[in-house]
1. I'd like to verify a number: residues in the stretch 16-25 that are more than 19 Å from residue 183 (Cα to Cα) and either in contact (Cβ under 8 Å) with a residue 40 or more places away in the chain or open to solvent by 20 Å² or more (accessible area, probe 1.4 Å) (or both), how many?
2. Condition (residue is β-branched (Val, Ile, Thr), surrounded by fewer than 18 Cβ atoms within 10 Å (Cβ to Cβ) and either in a strand (DSSP E or B) or without any contact (Cβ under 8 Å) to a residue 24 or more places away in the chain (or both)) applied to the stretch 207-218: is it met by at least one residue?
3. Any residue in the stretch 59-75 that is within 14 Å of residue 114 (Cα to Cα) and in contact (Cβ under 8 Å) with a residue 24 or more places away in the chain sitting within a Cβ distance under 6 Å of a residue that is open to solvent by 30 Å² or more (accessible area, probe 1.4 Å) and not in a helix (DSSP H, G or I)? List the pairs, counting only those 6 or more apart or interchain.
4. Could you grab me the full set of residues in the stretch 219-239 that are within 15 Å of residue 141 (Cβ to Cβ), assigned to a helix (DSSP H, G or I) and open to solvent by 20 Å² or more (accessible area, probe 1.4 Å)?
5. Taking the criterion of being open to solvent by less than 40 Å² (accessible area, probe 1.4 Å), in contact with a Phe, Trp or Tyr (Cβ under 6 Å, 6 or more places away or on another chain) and within 24 Å of residue 217 (Cα to Cα), would at least one residue in the stretch 172-191 satisfy it?
6. I'm trying to understand the selection: among the residues of the stretch 153-162, which are more than 15 Å from residue 187 (Cα to Cα) and open to solvent by 20 Å² or more (accessible area, probe 1.4 Å)?
7. Among the residues of the stretch 34-48, is any part of a strand (DSSP E or B) and in contact with a helix residue (DSSP H, G or I) (Cβ under 9 Å, 6 or more places away or on another chain)?
Amino acid sequence: MNRDYALITGAIGGLGTAMTKRLIADGIPVIGCDRKTPAELGAWRQQVLTAEEAEKVMLFPLDVTREEQVDQLAGELKDRGLHVAYLINNAGIQGYGKPWELDTKTHDRVIRVNINGAFFCSRAFSKAMVEAGFGRIVNFASLAAYIPPAGQGCYAAAKAGVLGYTHSLALDLAPYGVTANAIAPGLIMHEGLKGVMPDHVYENLLRRVPMGRAGRPEEIAATVSFLLSEGSSYITGHSY
């Protein structure tokens with residue numbers, strides 16, 4: 001039985017679902033983590049996954065901002081003989097507000113989820129990758145790190161931080177056969193985003209997209225698939 005798993009944080013969202021399905025199709029079993037209740041995770045499994053897919057997915061509730069939860073999960077997986085060879089730090093949130101109005105709670109939460117989450121998970125699972133002489137880490141930044149939208153200063157700062165962390169992580173891990181890259185999506189439309197993005201905001205963003213359409217979660221999943229593959233073994237410290 002294959003004991004090398006891909007661990008995906010934020011697994012229950014639009015991008016997380018697409019990546020889960022793609023990696024299963026690639027033959028990689030998935031450990032899906034999300035800040036949901038066990039009941040919500042179970043409902044997602046029943047409603048979104050086929051019976052065949054569900055057999056290849058393990059689900060765990062996880063708040064990536066809580067380092068003790070991340071470390072506890074890493075210990076549990078190790079005790080069960082499950083090796084995380086592929087880590088996708090997908091969990092992320094946005095925060096809106098004008099500079100003089102943005103509250104500290106929102107700012108801190110955006111930083112903790114986007115940067116601390118990637119740091120805690122990479123710290124918890126990279127050592128085993130180093131010991132195995134193989135590993136793939138994919139962090140999620142955003143186009144906002146390069147072209148910040150108005151009213152999202154904390155989000156732009158957090159995602160820029162993810163880029164910097166990824167570049168440093170790549171240097172530290174490269175001698176051990178472990179790669180670290182970042183994906184910085186632009187406008188990717190999925191059900192979760194539809195529920196929180198007003199139509200006028202979507203239209204304004206769409207006008208800035210040269211291809212004239214929003215991206216699809218499956219297109220991001222295909223990029224992740226490549227970055228986990230043997231074909232990407234000489235690519236590290238990059239963002240896409």
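The values are calculated or read from the model by the stated rules, or taken from the named source; none is laboratory data. Keep in mind it's a predicted model, so treat the numbers as computed, not measured. Note that we place each Cβ from the backbone using ideal geometry, even for glycine, and neighbour counts take in every protein chain shown. Only protein heavy atoms, including side chains, enter the accessible area calculation; ligands, DNA and RNA are left aside. Shrake-Rupley method; radii C 1.70, N 1.55, O 1.52, S 1.80 Å.
1. So the answer is 1.
2. Among the residues of the stretch 207-218, at least one is β-branched (Val, Ile, Thr), surrounded by fewer than 18 Cβ atoms within 10 Å (Cβ to Cβ) and either in a strand (DSSP E or B) or without any contact (Cβ under 8 Å) to a residue 24 or more places away in the chain (or both), which makes the answer yes.
3. Pairs that qualify, where the first residue is within 14 Å of residue 114 (Cα to Cα) and in contact (Cβ under 8 Å) with a residue 24 or more places away in the chain and the partner is open to solvent by 30 Å² or more (accessible area, probe 1.4 Å) and not in a helix (DSSP H, G or I), are 63/35.
4. 223
5. yes
6. Once the filter is applied, which keeps residues that are more than 15 Å from residue 187 (Cα to Cα) and open to solvent by 20 Å² or more (accessible area, probe 1.4 Å), the stretch 153-162 yields 153, 157, 160, 161.
7. yes
Condition check ((1) outside any helix (DSSP H, G or I); (2) surrounded by fewer than 16 Cβ atoms within 10 Å (Cβ to Cβ); (3) at pLDDT 95 or above) across all residues:
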| position | (1), (2), (3) |
| --- | --- |
| 97 | yes, yes, no |
| 108 | no, yes, yes |
| 111 | no, no, yes |
| 115 | no, no, yes |
| 119 | no, no, yes |
| 126 | no, no, yes |
| 129 | no, no, yes |
